[in-house]
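The values are calculated or read from the model by the stated rules, or taken from the named source; none is laboratory data. No experiment lies behind these values; they were computed from the predicted model shown. When we count neighbours, we look across all protein chains shown, and the Cβ atoms used for this are built from the backbone with ideal geometry, even at glycine. Remember, those area values only see protein heavy atoms, side chains included, never the ligands or the DNA or RNA. Shrake-Rupley method; radii C 1.70, N 1.55, O 1.52, S 1.80 Å.
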Amino acid sequence: MDAWLRPGSRNTLEVMLRSCHELGYWGVAVELDDNSWGEVKRIASVYGLEVFRRVTFELGSKEELYRRLRADRWRYDLVSVATRDRDVLMAAVRDMRVDTVVVSDPSSPPIDRHIVQV
């Protein structure tokens, strides 16, 4: 399964889905706008892939995190949170509605023992 597809265009999407099929994946999580979702499902079915909706929330405050989760969590199969704020990071790792937390930005809070224990 590939959970991190973020195609920039329809052609890129098709190449990604074909590659996933050739690699033997059975499912993919795709991050695209809602208007493209029908096209994603159509192309994925050609390759026999199950598709899941994913989103990455890029947030600056805990209040914004909770508001977005309340409003939008039900629309997606996989929710990721990207943040540079330690309080948002800690809230996201504790919240069961968040599936993954992205901390790849150099200015992200460092991952210390406390965060790993959470």
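The table for this structure:
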{"read-out": "Accessible-area ranking of Lys62, Lys41, largest first, probe 1.4 Å", "value": "Lys41, Lys62"}
{"read-out": "For the chain, built as a Gaussian network whose Cα springs stay under 10 Å, the top-fluctuating residue of Ala71, Ala82, Ala29", "value": "Ala71"}
{"read-out": "Relative contact order %, the chain, counting alpha carbon pairs below 8 Å whose residues are six or more apart", "value": "19"}
{"read-out": "Whole-percent carbon and sulfur share, accessible surface of the chain, 1.4 Å", "value": "49"}
{"read-out": "Accessible area of the chain divided out per residue, in Å², using a probe of 1.4 angstrom", "value": "60"}
{"read-out": "Label point distance in nm, Gln117-Asn35, each placed 7 Å from Cα along Cα→Cβ", "value": "4.9"}
